[in-house]
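Below: the structure, in structure tokens.
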Amino acid sequence: MEFEPESLTVSCVVTEAMLDSTLGCGDTIKFSMAMMVALMEKAAKQLAARYLSEGLTTVGVMMNTTHVAPTIAGVAVYATATLLEHSEGQFYFEITARDNMGIIGEATHQRVAVSIDKFNEKARIRGGV
């Protein structure tokens, strides 16, 4: 049986807190790449969750991203993740981010399924807690 790609879109309105100049990762008043990537990951995570058993989640392990156009505070942005392939706990996505003027960024993204409890325990151990 062949896999049919499916998509999911999430959105947010850009705030001052999401700008390069506020975050300190740049001097411009544009939606930061870091915030764009976070929105992209949110879309992919929510889409992957449809395929998971209780107690599992996914974590991002690879993102190859372009950010090609600026968006300012007050503008809505949308990230659409398309699940291209999944098997054995591996999920592969193409993601497009847009604002009211068009594409602002694109990405390929990989996520892997993990046990929430085991992963959090490993993180605590690494953190010395």
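Points worth noting:
- Residue within the range 47-55 that is closer than 20 Å to Ser21 by Cβ and either touching a helix residue (DSSP H, G or I) at 6+ places or on another chain (Cβ under 6 Å) or in a helix (DSSP H, G or I) (or both) present: no
- Met62 fulfils the conditions (1) more than 23 Å from Glu6 (Cβ to Cβ); (2) in contact with a His (Cβ under 9 Å, 6 or more places away or on another chain) except for a single criterion, (1).
- Every pair of residues 6+ apart whose Cβ atoms lie under 6 Å, when the first sits in the range 69-95 and is open to solvent by less than 70 Å² (accessible area, probe 1.4 Å) while the second is basic (Lys, Arg): Phe91/Arg111
- Candidate set from the range 14-39 (those that are in a loop (DSSP other than H, G, I, E, B) and touching a residue at least 24 places away in the same chain (Cβ under 8 Å)); member that is least open to solvent (accessible area, probe 1.4 Å): Val14
- Evaluation of Met62 against the conditions (1) over 11 Å from the mean Cα position of the chain (by Cα); (2) at pLDDT 95 or above shows that the sole unmet condition is (1).
- Scanning the range 1-31 for residues that are within 18 Å of the chain's Cα centre (by Cα), under 21 Å from Phe93 (Cβ atoms) and not aromatic (Phe, Trp, Tyr) gives Pro5, Glu6, Ser7, Leu8, Thr9, Val10, Ser11, Cys12.
- Looking across the range 1-45, the residues that are of a type in the set (Lys, Arg) and in contact with a Ser or Thr (Cβ under 8 Å, 6 or more places away or on another chain) come down to Lys30, Lys45.
The values are calculated or read from the model by the stated rules, or taken from the named source; none is laboratory data. Small disclaimer: the values here were computed from a predicted structure and weren't measured. Counting neighbours? That spans all protein chains shown, and the Cβs are built from the backbone with ideal geometry, glycine included. Surface accessibility is based on the protein's heavy atoms, side chains included, excluding ligands, DNA and RNA. Shrake-Rupley method; radii C 1.70, N 1.55, O 1.52, S 1.80 Å.
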